[in-house]
Amino acid sequence: MKSAIINARIIDTKNNIDETGGILINENGLIEAVGKDVTKDNVGDIKVTDCQNKIAIPGIIDGRVFVGEPGFEYKENYTTLSQAAISGGVTSVVTMPNTDPVVDNVSTFDFIKRRARDKSLIKIHSLASLTKNTEGHEICEFGLLKLSGAIGFTDGVKSIQNNNVMDKIFNYAKNQNALVIQFPQDNELSKNGVINEGLIATKLGLKGIPDYAEHLVIERDLRLLNQYKSKYHIALLSSGKSIQIINEWKKKELQFTCGVSINQISLNENDIGEFKTFLKLSPPLRKEQDRLDLIDGIKNELIDIIVSDHKPEDEESKRLTFQTCASGSSGIETFLSLALEQFHNGNLDLKTIIKCITENPAKIFGMKAGSLEKGMPADITVFDLNKPWVVKRENLKSKSKNTAIEGKKLQGKVEKTYLNGKLVFEI
Amino acid sequence: MALFKTKQAVKYEKKHLLGIQDLSIPEIVHILNESQSFVELNRKENKKLGLLKGKTQINLFFESSTRTLSSFELAGKRLGADVMNMNVSNSAIKKGETLIDTAMTLNAMHPDILVIRHGDSGAANLLSRKVNCSVINAGDGWREHPTQALLDAMTIKMKIGKIEGLKIAICGDIMHSRVARSNIYLLTMMGAEVRVIAPSTLMPKEIGQFGVKVFTNMEDGLKDVDIIMMLRMQLERMDGSYIPSTREYYEFFALDYKKIKHAKENALIMHPGPMNRGIEIDASLADDINRSIIVQQVEMGVAVRMACLKILMENQS
């Protein structure tokens, strides 16, 4: 059955659309028409949803999400992830291979593919690991895993340390045209570190992670990448100086992309206060200047995507000392609203934010998503730009409630989420 | 007669004692004034009071300790409390039980005060949010050891008569030292000029912002100081190459008769113990009765802890 959204402000950065109009969805859940010409009068006798004063964008793509399946189902499974995602307007996610067992072979990959197909409402795009069991020694079967559907390769929460292994990864990935995704952090410099190195670490008596633990790996990787020109994406940046390094290499016309977590552009190390374990993140929150530099990085298109880095952790894993507790925060539900904070405070314009969570991730990960042109699946997020609300743990749909922004007042909220033309979430 | 004659004293009203950071100057003055009466008591033949009669004190030590544990035990017993020492090597913690689980178990036994030492910074803060009784931090990771700083201040005040205006050097493994941090907070608050001296690998980042002067050699750092506070080399906490060898460390950073010449002629030596003789301090210098006030520190320790126990118990009622 055909349907239409009308009277919305439609923003599709890929097709340069920002106008009031509608989206016509055909009986197969694909977009048939978009723009100012789609009005109540000319769509005929079909179900029409009036979205006056709301913004409609392509369904959000979250480029870094952890699911507990298999091995950590008590933290998050595909069903709970889906519920959390659609309430945050997210219709496609990129999942990490850090499960138990690790997604490092075709049979495990096929297992999660089946689980995702059977249990998930949203579109799951899975990454496999770069090395077997994410140990950083032997490279995985990039070719076979790609045939199975892996959209890229990463050791997720771990970083490849061995120069020779990284060299071979770039070399072989080029061969298979595989996307290499690195979490950039030197293991030895960050060993036992739980927080940004500096005054706060000294005050709290915690071992710090210096920002150059990130720079070293980025520098090395870009030098190696320069040899092979493979497809390369830096998963997360935390340091402002990383932006300078990236800029220098981009000037030399080296092709690669970068991501940043919404946490890193919204919070800084001061928010940790007196050992708030929900703000123990990896990479760690750094100084306010780093946060501002990262926002500039987005502005200057040196950072391509913003991700939620949704890492559900159960209560038990967080109710420990800061030193021993798990790192990461649950964030997929608050993703868009928190990103809009940067619009409301004047740091970023709306189109830049939307581009970083729709068009750009679709391009990097090769997804059929992220735009509203004719023939695309009708994955659509409708939100109220100004609606105020307060983050409360008990209202979160994710299985784990470890939000880093409990009690935060946000402005802007998702009101409807469409997936393949079907309304799957509404408030 | 109060120890501080001119300074205002205000009673510490909080339920827990977790760090010097949470104290104000008048509160510190009050705790030290209270401690003084216990110094006198401890020197008498009958040392026992009934102030904490019927109260239960549990000393929960996740790190081995001899002097702090016995000091707290004695302090509690002299005030009449029932004191239990929990040896963690025998407890369920080793079987995977979390700190919170242990705390909840102990909490169900209705203690009135928990004295905790733990290897993780913030452990006492975490515990204090989960139990009903008062919590005293007897050392958490690298963060704070408030009673040590209070007893050090007490020792200095008793020995020299003042803290304000003194030049005090804290030397050694500053990075891994909770004693250093608590002392820096307390002594700078009380008006001393505090210096920290360490090889740069053992100096915490941005420590200068704590209001201390930072030195990386003993000769400059010790110049004209009144008090030299030596720290124990926390060899067990080192997970990397911070120093090439204890021999090299001794040559450049240990306190010996040669280096102490840079300090004031009558400069006093303190050490929180236990000492590594021959690593951070020359053995005979450590025992020099004209210089070392290490024994007095131990004595003050019991008195200060008695005062802290008394004050927290009063706050409960």
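The values are calculated or read from the model by the stated rules, or taken from the named source; none is laboratory data. Remember, it's a predicted structure, so these values are computed and weren't measured experimentally. All Cβ positions, even for glycine, are placed from backbone atoms using ideal geometry, and neighbour counts span all protein chains on display.
On the basis of being among the hydrophobic types (A, V, I, L, M, F, W, C) and within 25 Å of A:Leu237 (Cβ to Cβ), does A:Ile60 make the cut?
Answer is yes for this residue.
Given the criteria away from chain B (no Cβ under 14 Å), at pLDDT 95 or above and within 30 Å of B:Gly122 (Cα to Cα), does A:Gln176 qualify?
Answer is no for this residue.
Scan B:Thr155, B:Thr147 and give me the residue that is more than 14 Å from every other protein chain (Cβ to nearest Cβ), outside any loop (DSSP other than H, G, I, E, B) and in contact with a Cys (Cβ under 7 Å, 6 or more places away or on another chain).
B:Thr147
For the condition within 28 Å of B:Met109 (Cα to Cα) and surrounded by fewer than 24 Cβ atoms within 10 Å (Cβ to Cβ), what is the one hit in B:Ser121, B:Ser128?
B:Ser128
I'd like to verify a number: residues in region A:187-200 that are more than 7 Å from chain B (Cβ to nearest Cβ) and in contact (Cβ under 8 Å) with a residue 60 or more places away in the chain, how many?
Matching residues across region A:187-200 total 5.
Is it the case that A:Gly156 is touching a Pro at 6+ places or on another chain (Cβ under 6 Å), more than 13 Å from chain B (Cβ to nearest Cβ) and not in a strand (DSSP E or B)?
When the stated conditions are applied, A:Gly156 passes them.
Within region A:292-314, can you find the residues that are farther than 11 Å from A:Ile243 by Cα and either crowded, with 22+ Cβ neighbours inside 10 Å or in contact with a His (Cβ under 7 Å, 6 or more places away or on another chain) (or both)?
A:Asp304, A:Ile305, A:Ile306, A:Val307, A:Ser308, A:Asp309, A:His310, A:Lys311, A:Pro312, A:Glu313
If I ask for residues that are assigned to a strand (DSSP E or B) and buried (at least 23 other Cβ atoms within 10 Å of the Cβ), which ones from region A:383-412 would you list?
If the condition is that a residue be assigned to a strand (DSSP E or B) and buried (at least 23 other Cβ atoms within 10 Å of the Cβ), then A:Phe383 is the only one that fits.
Out of (1) within 17 Å of the chain's Cα centre (by Cα); (2) within 14 Å of chain B (Cβ to nearest Cβ), what's the single condition that is false for A:Cys325?
Here A:Cys325 clears every test but (1).
For A:Val67, all conditions in the list (1) surrounded by fewer than 24 Cβ atoms within 10 Å (Cβ to Cβ); (2) in the same structural domain as A:Asn360 (by TED's automatic domain parsing); (3) among the aliphatic types (A, V, I, L, M) hold save one; what is the number of the exception?
Answer for A:Val67: the failing condition is (1).
Do the conditions hold for A:Ser317, that is, is it within 16 Å of the chain's Cα centre (by Cα), among the hydroxyl-bearing types (Ser, Thr, Tyr) and either within 26 Å of A:Thr95 (Cβ to Cβ) or more than 14 Å from chain B (Cβ to nearest Cβ) (or both)?
It is false that A:Ser317 is within 16 Å of the chain's Cα centre (by Cα), among the hydroxyl-bearing types (Ser, Thr, Tyr) and either within 26 Å of A:Thr95 (Cβ to Cβ) or more than 14 Å from chain B (Cβ to nearest Cβ) (or both).
Can you pull out the residues in region A:28-60 that are part of a loop (DSSP other than H, G, I, E, B), of a type in the set (D, E, K, R) and touching a residue at least 60 places away in the same chain (Cβ under 8 Å)?
A:Lys54
Could you figure out which of (1) surrounded by fewer than 20 Cβ atoms within 10 Å (Cβ to Cβ); (2) under 30 Å from A:Asp304 (Cα atoms) isn't true of A:Gly44?
(2)
Buried (at least 23 other Cβ atoms within 10 Å of the Cβ), closer than 27 Å to A:Gly205 by Cα and touching a helix residue (DSSP H, G or I) at 6+ places or on another chain (Cβ under 7 Å): is that true of A:Gln264 in this structure?
Considered against the rule, which asks whether it is buried (at least 23 other Cβ atoms within 10 Å of the Cβ), closer than 27 Å to A:Gly205 by Cα and touching a helix residue (DSSP H, G or I) at 6+ places or on another chain (Cβ under 7 Å), A:Gln264 comes out as yes.
Restrict the check to region B:92-110 and report whether at least one residue is more than 20 Å from the chain's Cα centre (by Cα) and closer than 17 Å to B:Ile311 by Cβ.
Checked against the condition, which is being more than 20 Å from the chain's Cα centre (by Cα) and closer than 17 Å to B:Ile311 by Cβ, region B:92-110 yields no hits at all.
Out of B:Val304, B:Val295, I need the residue that is under 16 Å from B:Ser71 (Cα atoms) and free of Cβ contacts under 8 Å to residues at least 24 places away in the same chain. Which one?
After applying the criteria, what remains is B:Val295.
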